[in-house]
Amino acid sequence: MAPQTRREAEAANPPVATPASPTSSARSSGKRPGKYHLGAYFDPADPTAEAFRVLAARTRRSHQDLLAEAISELVAKYDADRQFGRA
């Protein structure tokens, strides 16, 4: 039996499409299904980044918990729910 070319192999074994689950997101990775990353990159010497690390350590709260609180406060500050028609 002669070896197949790539094109012949692809023709003989077409890819099978798997339907996306309703909870999957274009941003979701396989590491945390149903979730997406929300963050930023800072210079390690940036005072904001340093203050954030110190705050997390002193309050013994996770970065995720602190970010969730900060985002909630930003949404409230700018009344984002009403601004985007969700209220």
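Find the residue count for the stretch 32-47, including only residues that are loosely packed, with under 10 Cβ neighbours inside 10 Å and free of Cβ contacts under 8 Å to residues at least 12 places away in the same chain.
In the first step, residues of the stretch 32-47 are kept if they are loosely packed, with under 10 Cβ neighbours inside 10 Å; the result is 32, 34, 37, 39-41, 43-45, 47.
Subset that is free of Cβ contacts under 8 Å to residues at least 12 places away in the same chain: 32, 34, 37, 40-41, 43-45, 47.
Summing the residues that are loosely packed, with under 10 Cβ neighbours inside 10 Å and free of Cβ contacts under 8 Å to residues at least 12 places away in the same chain in the stretch 32-47 gives 9.
Show me the helices (runs of 4 or more DSSP H) entirely contained within the stretch 2-87 in which 2 or more residues are at pLDDT below 85.
Values: elements: 6-12, 47-59, 63-77, 80-83.
Output list reads 6-12, 80-83.
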Residue pairs within 9 Å by beta carbon, gap of at least six or interchain, first lying in the stretch 64-87 and in contact (Cβ under 8 Å) with a residue 24 or more places away in the chain, second among the hydrophobic types (A, V, I, L, M, F, W, C) and in a helix (DSSP H, G or I), listed first then second, are L67/F52
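The values are calculated or read from the model by the stated rules, or taken from the named source; none is laboratory data. Quick caveat, the model's predicted, so the values are computed rather than measured. Quick reminder, even Gly has a Cβ in these numbers, built from the backbone with ideal geometry, and neighbours come from all protein chains shown.
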